[in-house]
Every structure is written in structure tokens, then in C-alpha cells.
Amino acid sequence: MNTLTRDQIRQLTPEQQETIGTLEARRIKKRQQLLEYARGYRGKVVVPAVFVVAALGFYYFRAPTPILVAVGVVGFWTLIHFHVTGINRRLDALMELLESDKKIGDEDIHD
């Protein structure tokens, strides 16, 4: 995609300028969202904290009852799922950012 200069944009109709502005605002918002996802997620702190609290709970109650073990297993599975989802979202954001940066770099080479 070719980048328009300021002079070229000024020659467009107001509706076309608005459309270009809207598209650019969406692109910037999407990039900011991807950067936020790529930087990390709350699970980096939440998952270990929950594991520590659960371990202290098991230590406090000493005699694990079957219901406590079942709750622990389901909770462990849920935390693992939450953690994997967060990591995958972060990796997806990084890949999309890299692809967009590569496209921009390729355009600079061909211009």
C-alpha cells in the first residue's frame, strides 16, 4: 500500500479524508492493543499467587478430603487453561506485530 503525502491528502474530498483518517485511527488503535497484549497479561502475577494461596490452604487443612482434592484439581486445570490462553494471546499479538512491521519494511525496500 502506498503512503499518501500531505499534499495528496489535501487534494481529496472531505469524505475521503475522513475515511483515510478513520482507517488510520483503527490501525493505530489495533497496534496499541497488540502492543498491550504483547507486553504481558495479569496472569503472570495472578497464577503464581493463586498457586501459593492454594498450597498454603492445603498445608493449613493438612488432611485433604476428597472434595478438597477435587476442587484443587479443577482449580489447577482452570489456572493452567487461563495461563495458556494468556500466553497464546501474547504470542499471537507478537506475531501480528512482527508481520505488520515486516510488511512496512518490505514497502520501504520496494519504494
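The values are calculated or read from the model by the stated rules, or taken from the named source; none is laboratory data. As the structure is a computational prediction, the values presented were derived from the model and not from experiment. Glycine also receives a Cβ, built like all others from the backbone with ideal geometry; neighbour counts cover every protein chain displayed.
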- Selection from the stretch 69-92 of residues that are within 24 Å of the chain's Cα centre (by Cα) and small (G, A, S): G75, G86
- Message: Let me confirm something: among L56, L4, which residue is of a type in the set (A, V, I, L, M), on the phi < 0 side of the Ramachandran plot and modelled with pLDDT of 80 or more?
- Response: L56
- Do any residues in the stretch 64-93 that are touching a residue at least 40 places away in the same chain (Cβ under 8 Å) have Cβ atoms under 8 Å from those of residues that are surrounded by fewer than 13 Cβ atoms within 10 Å (Cβ to Cβ) and part of a loop (DSSP other than H, G, I, E, B), where the two are at least six apart or on different chains, and which pairs are they? G86/R42; R90/G40
